Amino acid sequence: MKYIIIICLIFIILVLMEMRRELNCFVRKEYVIPMEGLKSSRKAIFLSDMHNHVYGNDNEQLLQAIRIEEPDFILIGGDMLVGKE
């Protein structure tokens with residue numbers, strides 16, 4: 001019984017650590033979609049599921065990551081604001 005409690009506590013701690021990491025780090029994934037007929041490439045940023053989270057002061061970390069990519073388009077998929085001021 002003692003070992004089951006220890007294993008459950010370790011599991012809970014790991015889940016809480018993952019939740020904290022996920023809330024404080026945005027994920028950058030890159031996809032290349034070949035499009036025949038285009039004379040030049042285009043770059044888009046797709047933002048989604050931010051849930052009113054802020055990355056740094058005034059979202060500076062997120063803005064810097066976007067600026068580095070120099071996108072042609074910024075698309076917003078939803079769940080950006082949940083109702084906080």
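Overview of values
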quantity: Mean residue ellipticity (222 nm) of the chain, computed from DSSP H runs ≥ 4 via -39,500 (n - 2.57), nearest 500; calculated: -13000 deg cm²/dmol
quantity: Accessible surface ranking that places the most exposed of I6, I45 first, with a 1.4 angstrom probe; calculated: I6, I45
quantity: Filtered trypsin sites (Lys or Arg not before Pro), the chain: DSSP coil and at most 14 other beta carbons within 10 Å; calculated: R28, K29, K39, R42, K43, K84
quantity: Estimated distance in nm for a label pair at Q64 and I76, the labels positioned 7 Å out from Cα along Cα-to-Cβ; calculated: 2.3
quantity: Residue order for D58, D49 - accessible surface, 1.4 angstrom probe, largest first; calculated: D58, D49
quantity: Potential lengthening between N57 and K2 on full extension [0.36 nm per residue; Cα-Cα distance subtracted]; calculated: 15.4 nm
quantity: Share of carbon and sulfur in the accessible heavy-atom surface of the chain [1.4 Å probe, %]; calculated: 62
quantity: Dipole of the chain [Lys/Arg +1, Asp/Glu -1 at C-beta], most positive-end residue of V32, V15, N57; calculated: V15
quantity: The chain: translational diffusion in µm²/s, Stokes-Einstein, Kirkwood Rh over Cα pairs, 4 °C, 1.567 mPa s; calculated: 80
quantity: Per residue value of the accessible surface for the chain (all protein chains in place, 1.4 Å probe), Å²; calculated: 96
quantity: Degrees between helix 2-24 axis and first principal axis of the chain (Cα, 0 to 90, nearest 10); calculated: 20
quantity: Accessible surface of E22 - all protein chains present, 1.4 Å probe, nearest 10 Å²; calculated: 120
quantity: Hits among aspartates and glutamates - C-alpha to C-alpha of K43 under 14 Å, sequence gap 8 or more where chains match; calculated: E30, E69, E70, D72
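The values are calculated or read from the model by the stated rules, or taken from the named source; none is laboratory data. None of the values given here were measured: they were computed from a predicted structure. With ideal geometry, Cβ positions are generated from the backbone for all residues, glycine too; neighbour counts draw on all protein chains shown. The protein model used for the area step is the full one, side chains on, heavy atoms only, and it has no ligands, DNA or RNA in it. Shrake-Rupley method; radii C 1.70, N 1.55, O 1.52, S 1.80 Å.
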